[in-house]
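To start, the structure under review is shown below, and the notes come after it.
The values are calculated or read from the model by the stated rules, or taken from the named source; none is laboratory data. It should be emphasised that the depicted structure is a prediction, and the values quoted were computed from it without experimental measurement. We place every Cβ from the backbone using ideal geometry, glycine too, and count neighbours over all the protein chains shown.
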């Protein structure tokens, strides 16, 4: 049973499975986002280690590529997560206003807070990738030949 505004909403088995499916997708998008950050940090750290050994600034410039690519990928995962959360919330608020149990209308959740640029501007995206960019730029300008 879901409690919404003091009212009890009874769900049948299809409704519960649908909500579980949405929760699984939300969890998967979150996990993918964490893995994108992990991979990016590992790749950038390896490139920085090579730079520290060789003093070749190309490795600093090359490290910008995974930062940008993983930042875009991470924002996409966050956007998808927001869409699934929107579908979940709409379904819980009222089955008559929300999506049908047998459909996944992600296209109708693309505007507003669920948009890509809104996801890109989230602190969970810009903070880790911004810090990596700052480290690369500081290393680039702080490097003396």
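Here residue 18 passes the criteria (1) at pLDDT 90 or above; (2) surrounded by 18 or more Cβ atoms within 10 Å (Cβ to Cβ) except the one numbered (1).
Can residue 73 be described as modelled with pLDDT of 85 or more and touching a helix residue (DSSP H, G or I) at 6+ places or on another chain (Cβ under 6 Å)?
Details: modelled with pLDDT of 85 or more: yes; touching a helix residue (DSSP H, G or I) at 6+ places or on another chain (Cβ under 6 Å): yes.
Against the criterion (modelled with pLDDT of 85 or more and touching a helix residue (DSSP H, G or I) at 6+ places or on another chain (Cβ under 6 Å)), residue 73 qualifies.
Residue count for segment 36-69 under the criterion of being more than 19 Å from residue 126 (Cβ to Cβ) and either buried (at least 17 other Cβ atoms within 10 Å of the Cβ) or without any contact (Cβ under 8 Å) to a residue 24 or more places away in the chain (or both): the result is 16.
Per the listing 75, 27, the residue uniquely part of a helix (DSSP H, G or I) and surrounded by fewer than 16 Cβ atoms within 10 Å (Cβ to Cβ) is 27.
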